[in-house]
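Chemist: Dumping the structure here so I can ask a few things about it.
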Amino acid sequence: MSSTEIPGSKFVITTPIYYVNDVPHVGHAYATLNADAVARWHRLLGDDVFFLTGTDEHGLKIQRAAEDGGLEPLEHATRTSERFASTWKMLNISNDDFIRTTEPRHHQAVQALLQKAYDNGYIYADTYEGDYCVPCEAYYVEDDLVDGNCPIHKRPVEHMVEDNYFFKLSAFTDQLTAWLEGSDAEGGDTDGSGSGRNSIRPTGYRNEALGIVRQGLDDVSITRTSISWGVPVPWDTDHVFYVWYDALINYATALGFGADEERFDEWWPAVHHILGKDILRFHGVYWPAMLMAAGIEPLPELHVHGFLLLGGEKMSKTGGLTAITPEELVGDFGVDGFRYAMLRNHSFGPDSDFSYEGIVEAFNTDLANTYGNLVSRVATVVGKKCGGVGPAPAADASLSAAAATAYAEAATAWDSVQPSAALDATWRLLRETNEYLAEMEPWKMDPGPEVDAVMGNALEVIRIASIMASPAIPEAVEVAWKRIGLDGLVSEQRLPAAAGWGGYPGGLDVAIGDPMFPRFKPSA
Ligand code: ME8
């Protein structure tokens, strides 16, 4: 059992902080939606949740993007950062903080953390010569290059020679190996804290990080003198920190590192990072080593997702595929429609094909025909056969076992950051309930105890499944909740108690409203 299942425990979840050299796209939305859904699930469990997202605003890439647009870097960063913030607002993202790396609190935390690593003897001065990919903001060694190009962006790297400070990454080979090896898919004790945490999930990515460490770690250059757009090195202000070493620290900044140690100590053991596989090396190798160098434990848990692919290629701003924006898709499918399809269609971990048709399919099959249809159908029959008053469920209903199984599966899936699998279990319960109604044919029954029991059971499933679906479709479930006459909000329910069979009290007015998800017909 993971520490995250103890009700009332602290739970921190983060997204990558996005570069402000371009605007938010569907790939960013995917990462952020997964983090949001997991945050919402943990709030339902009664956990004390802190959900962090933000923007990564330093580095050469941003400096150049600003120059191209004729703006000062900070002005450019502010404009784009606001676009990220407004996109997340539009998508109903429930973040508790939004960090910008240009904020004074962040500069202070970066300087405090890296000063500790310096004082501990893990940072030293030397000259660096290497090939740099600006879109990656990373150096590559010859062997990594593909035909002389960056392996990710497939474009030329830039040769750079600089006086740099170096981080003694090589000193952490054994500690990193122990941290990575100590974890297992079942939830072994990875950090010696007794909390039973995993280092990196899914396990394939843990193995990938282990492979990087086993290949041998070189020390890495962590400062630059050639640019000024960054956090100054506190012991040598001719240098700024290279953007990745400032960016990773955002996760510590937001929890009060360097400013409020008590707050930091309280939240730090509960940190979970959501990230894409493109930045696994930084999060799975460099970041834990930086923490070790600064004497900070225990280490965070990483949840790594694959790429959304369009025509087999990674969908990214540098790949020129900004044609699809979250705004357009929300225009077609609504906020909950878009949220649901993104979470349901792409299981967390592997690469996955993104398609418009896939969204139409998820919307029509699951939201319109299954959830929306169940709510309408039940309200109509309750109107005709029960005088519009929802009856209580039967204690021994066959559906109660289906609900318990679905809940157990969904809870396990949410706990291991598998929203797609959790929604799969939830929608299986909804489909079973539609089948149950088709079999029982309550619309053919005379008013009386028999039809009351059937409709009470169906209402009870709507209640339970709405709670289970709420991390994905937070607005729609509140509509369904009200229609079946329940008080309060879905978001105020507390699991696992609220998922227990028999919570629908009966005697509530059930309203027939407009279809919650009218079937989507693509315009020709
Ligand atoms: O790397 N499919 O920022 P970034 C799925 N600033 N997810 C995708 C995606 C795709 N096609 N494209 C992007 C950075 N993402 C750094 C992070 S963190 C301390 C610093 C998502 O703006 C995915 O989560 O390039 C990926 O890891 C992230 O956006 C990279 O965003």
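Chemist: Report the one residue of Gly312, Ala293, His283 whose Cα lies farthest in the direction of the positive end of the charge dipole of the stretch 260-394 (charges on C-beta: Lys and Arg +1, Asp and Glu -1; origin at the Cα centre).
Modeler: Checking the options against the dipole of the stretch 260-394, the answer is Gly312.
Chemist: What does the helix-only formula give at 222 nm for the chain: each DSSP H stretch with n ≥ 4 adding -39500 (n - 2.57), the total divided by the residues, and the result rounded to the nearest 500 deg cm²/dmol?
Modeler: Value at 222 nm, helices only: -13000 deg cm²/dmol.
Chemist: Compute the acute angle (0 to 90°) between the alpha-carbon long axis of helix 73-90 and the principal axis of greatest extent of the alpha-carbon atoms of the chain; round to the nearest 10°.
Modeler: Here the helix axis deviates by roughly 20 degrees.
Chemist: Too long at a 20 Å Cα-Cα cut-off: which of Lys10/Lys89; Lys89/Lys314; Lys154/Lys314; Lys116/Lys168?
Modeler: Lys10/Lys89; Lys89/Lys314
Chemist: At what distance in angstrom do the alpha carbon centres of the stretch 377-434 and the stretch 5-35 lie from each other?
Modeler: 29 Å
Chemist: Take peptides 9-21, 498-510, 458-470 and line them up by average Cβ neighbours within 10 Å, highest first, as a rough protection proxy.
Modeler: Going by the mean number of other Cβ atoms within 10 Å, highest first, we get 458-470, 9-21, 498-510.
Chemist: May I ask you to derive the relative contact order of the stretch 252-367, considering only C-alpha pairs under 8 Å and at least 6 residues apart, and to give it as an integer percent?
Modeler: About 23 percent, as a whole number.
Chemist: Moving on to the next point. How much length is gained on full extension from His153 to Asp278, taking 0.36 nm per residue of separation minus their Cα-Cα distance?
Modeler: Here the segment from His153 to Asp278 would lengthen by 43.9 nm.
Chemist: Pairing the Cα long axis of helix 474-483 with the longest principal axis of the chain, what angle in degrees results, from 0 to 90 and rounded to the nearest 10?
Modeler: 20 degrees
Chemist: With the crude spin-label approximation of a point 7 Å out along Cα→Cβ, what separation in nm comes out for Val146 versus Gln108?
Modeler: 4.4 nm
Chemist: By DSSP, what percent of the beta bridges with both residues in the chain are antiparallel, rounded to the nearest 5?
Modeler: Taking every DSSP beta bridge with both residues in the chain, the antiparallel ones total about 50 percent.
Chemist: Using a Förster distance of 51 angstrom, determine the FRET efficiency expected from the C-beta separation of Gln115 and Asp351, and round it to 0.05.
Modeler: Working from the Cβ atoms, E equals 0.80.
Chemist: Can you pull the three principal axis extents for the Cα set of the stretch 3-324, in Å, largest first?
Modeler: Dimensions of the stretch 3-324 along the principal axes of its Cα atoms: 51, 45, 40 Å.
Chemist: Here's a follow-up. With labels modelled as points extended 7 Å from the Cα through the Cβ direction, what inter-label distance (nm, one decimal) is found for Glu439 paired with Ala497?
Modeler: 3.3 nm
Chemist: Treat every Asp and Glu Cβ in the chain as -1 and every Lys and Arg Cβ as +1, leave all other atoms uncharged, and give the resulting dipole magnitude about the Cα centre to the nearest 20 debye.
Modeler: In total the dipole reaches around 1540 debye.
Chemist: Let me ask you something else. Is the stretch 6-160 rounded, prolate or oblate when judged by the Cα gyration tensor, a ≥ b ≥ c being the square roots of its eigenvalues, rounded requiring a/c under 1.5 and prolate requiring a/b larger than b/c?
Modeler: prolate
Chemist: Taking Cα atoms, how many degrees apart are the long axis of helix 203-214 and the longest axis of the chain, rounded to 10 and kept between 0 and 90?
Modeler: Rounded to the nearest ten degrees, it is 10.
Chemist: In straight Cα distance, which lysines are under 26 Å from Lys444, not counting same-chain residues fewer than 8 positions off?
Modeler: Lys384, Lys385
Chemist: Apply the a/c threshold of 1.5 to the C-alpha gyration tensor of the stretch 368-509 and tell me whether it is rounded, prolate or oblate.
Modeler: Since a/c reaches 1.5 and a/b is larger than b/c, the shape of the stretch 368-509 is classed as prolate.
Chemist: Treat every Asp and Glu Cβ in the stretch 368-509 as -1 and every Lys and Arg Cβ as +1, leave all other atoms uncharged, and give the resulting dipole magnitude about the Cα centre to the nearest 20 debye.
Modeler: Result for the stretch 368-509 is approximately 240 debye, rounded to the nearest 20.
Chemist: If you check each cysteine of the chain for another cysteine whose beta-carbon is under 4.7 Å away, which ones come up empty?
Modeler: Cys386
Chemist: Just need the relative contact order of the chain here, percent rounded to a whole number, with Cα pairs under 8 Å and 6+ apart.
Modeler: RCO, the chain: 16 percent.
Read the figures in this text as sums done on the coordinates, not as results from a lab. Predicted model, so just to flag it, every value in this text is computed and none were measured. Neighbour counts run over all protein chains shown; Cβ positions are idealised from the backbone, glycine included.
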